[in-house]
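The values are calculated or read from the model by the stated rules, or taken from the named source; none is laboratory data. Please read all numbers here as calculations on a predicted model, not as lab measurements. Glycine gets a Cβ as well: all are built from the backbone with ideal geometry, and neighbour counts include every protein chain shown. Note: accessible area is taken over every heavy atom of the protein model, side chains too, but ligands, DNA and RNA are not part of it. Shrake-Rupley method; radii C 1.70, N 1.55, O 1.52, S 1.80 Å.
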Amino acid sequence: MYDLTSQPVNMINSSPPLLHHYGELARLPPQVPTPERNDLPDGTVLMEEYGQLPLIDLSCLSSTNEKVRLACADAICRASSEWGFFQVVNHGISPELIRNMRREQVKLFQTPFDKKATCGVLNNSYRWGTPTATCPKQFSWSEAFHIPISKVFEQACYGEFSSLREVMVEFAAAMSKLARLLAGVLAENVGHPRGVFESTCQESNCFLRLNRYPACPISSEISGLVPHTDSDYLTILSQDEVGGLQLMKDSKWVAVKPNPDALIVNIGDLSQAWSNDIYKSVEHRVMANREKERYSIAYFLCPSYDSLIGSCREPSSIYRKFTFGEYRNQVQEDVKRTGRKIGLPRFLL
């Protein structure tokens, strides 16, 4: 790890001021226990491999051939169980829309830091770094806008960024449609109707997150986003060509090679709990790049905070029932107290 403790924190200009915050953390003595090598799960190997996620052609779901449709659905469910991650092509979101969304995203993040932090754009959802971090290992070298989908449609949220609204509304609608298609396939596989999540996962409950990971020339060991699982039903990710996303597979970090034609889908904690561990919510992270900034956009399929998360296999459930709000509060409490997300193990019976 690059040693910042003997360097001036202003040695490199960064916007947002990630370096300054990281440098301050590097000077502090540890305040809470943090995951070290011997804190990782038994058998975890700290090495990286390059892997190809399962690649699924979603056009097969609308095939006139029943065997083709069933094989596609089976591939989705098998990847969700064995990997917790997969890629989809022919997903129905046009390359032009993705390019336009990326263009507007870049324009937004190129706005000076002071303005992004104070202008209130996108429901005042701008964030950077990790405010709760108490040591460098907990720090994420990134900035983001985390927007409730309900606010995406409000013109007042955009201020002077008027060209962003039209593209973002169309992009959010397309991602929502795709998320519900995939959730329906996963539900049907365990004996439930495709529309089982429609009543709880309304648009007003879901989120869109615009991410920027600035180049980090001080170290290749710094996380753009620290290891975590997603606290939702499923996530759909559109990323650029830079790379940096890694997931835990067979006790190894696997680096995902970007595919310009594909979107990435990963299973969230709620799907793992609801499916009784049939589907897997897998730990993943983003590593910072020394030379290039990285952009991505994530759509999170979430229920309302008062939605009760049970099991599709009642009464033989692995987890006790909990509301989404209860789960989020527990995650936030654990992060504040220990510096890390504990997640579903808290709710095991």
* Among the aspartates and glutamates, which have Cα under 12 Å from the Cα of Lys115 when same-chain residues fewer than 8 positions away are ignored? -> Glu160
* Asked: Using alpha carbons only, what's the Rg to Rh ratio of the stretch 220-349 with Rh from Kirkwood?
  -> 1.00
* When Lys and Arg each count +1 and Asp and Glu each count -1, what net charge do the other residues less than 10 Å away from Leu245, Cβ to Cβ, add up to? -> +3
* **At 1.002 mPa s and 20 °C, Stokes diffusion of the chain via Kirkwood alpha-carbon radius, µm² per second** => 102
* **Sum of side-chain charges, Val106 neighbourhood, beta-carbon under 10 Å (Lys, Arg +1; Asp, Glu -1)** => +1
* Asked: For the stretch 80-171, which whole-number percentage of the solvent-accessible area (1.4 Å probe, protein heavy atoms only) is attributable to carbon and sulfur atoms?
  -> 49
* To do: Output ³J(HN,Hα) for the stretch 245-251: one whole-Hz value per residue in order, computed from phi by the Karplus curve 6.51 cos²θ - 1.76 cosθ + 1.60 with θ = phi - 60°, and x for Gly and Pro.
  => 6, 9, 10, 8, 9, 6, 6
* To do: Go through the stretch 229-290 and name the trypsin sites (Lys or Arg not before Pro) that are in a DSSP coil and have 13 or fewer other Cβ atoms within 10 Å of their Cβ.
  => Arg290
* Asked: Hey, how many Å between the Cα centroid of the stretch 243-313 and the Cα centroid of the stretch 47-104?
  -> 14
* Dmax and Rg, reported as Rg then Dmax, of the stretch 273-319 (C-alpha, Å) -> 16.8, 52
* Please give the per residue accessible area of the stretch 126-247, computed with a probe of 1.4 Å over protein heavy atoms only, in Å². => 37
* Specify the residue with the greatest mean-square fluctuation among Gly129, Gly159, Gly244, computed from a Gaussian network of the chain linking alpha-carbon atoms under 10 Å apart. => Gly159
* What order do Asp232, Asp114 take when sorted by accessible area (1.4 Å probe), most exposed first? -> Asp114, Asp232
* Selected from Leu349, Gln330, Leu301, residue furthest toward positive end of dipole (the chain; charges at beta carbon) -> Gln330
* To do: Pairs to check: Lys249/Lys321; Lys137/Lys280; Lys249/Lys280; Lys137/Lys341; Lys252/Lys280. Give those whose C-alpha atoms are more than 19 Å from each other in this structure.
  => Lys249/Lys321; Lys137/Lys280
* Asked: If you check each cysteine of the chain for another cysteine whose beta-carbon is under 4.7 Å away, which ones come up empty?
  -> Cys77, Cys119, Cys135, Cys157, Cys201, Cys206, Cys216, Cys302, Cys312
* Residue-count net charge about Val185 - beta-carbon cut-off 13 Å; Lys, Arg +1, Asp, Glu -1 -> +2
* **Average silhouette area of the stretch 119-218, convex hull of alpha-carbon atoms, in square nanometres** => 9.2
* To do: Determine the share of the stretch 184-271's accessible area contributed by carbon and sulfur atoms, expressed in whole percent, with a 1.4 angstrom probe.
  => 48
* Asked: Using the reciprocal of the averaged 1/r over all distinct C-alpha pairs, how large is the Kirkwood radius of the stretch 217-286 in Å?
  -> 13.1
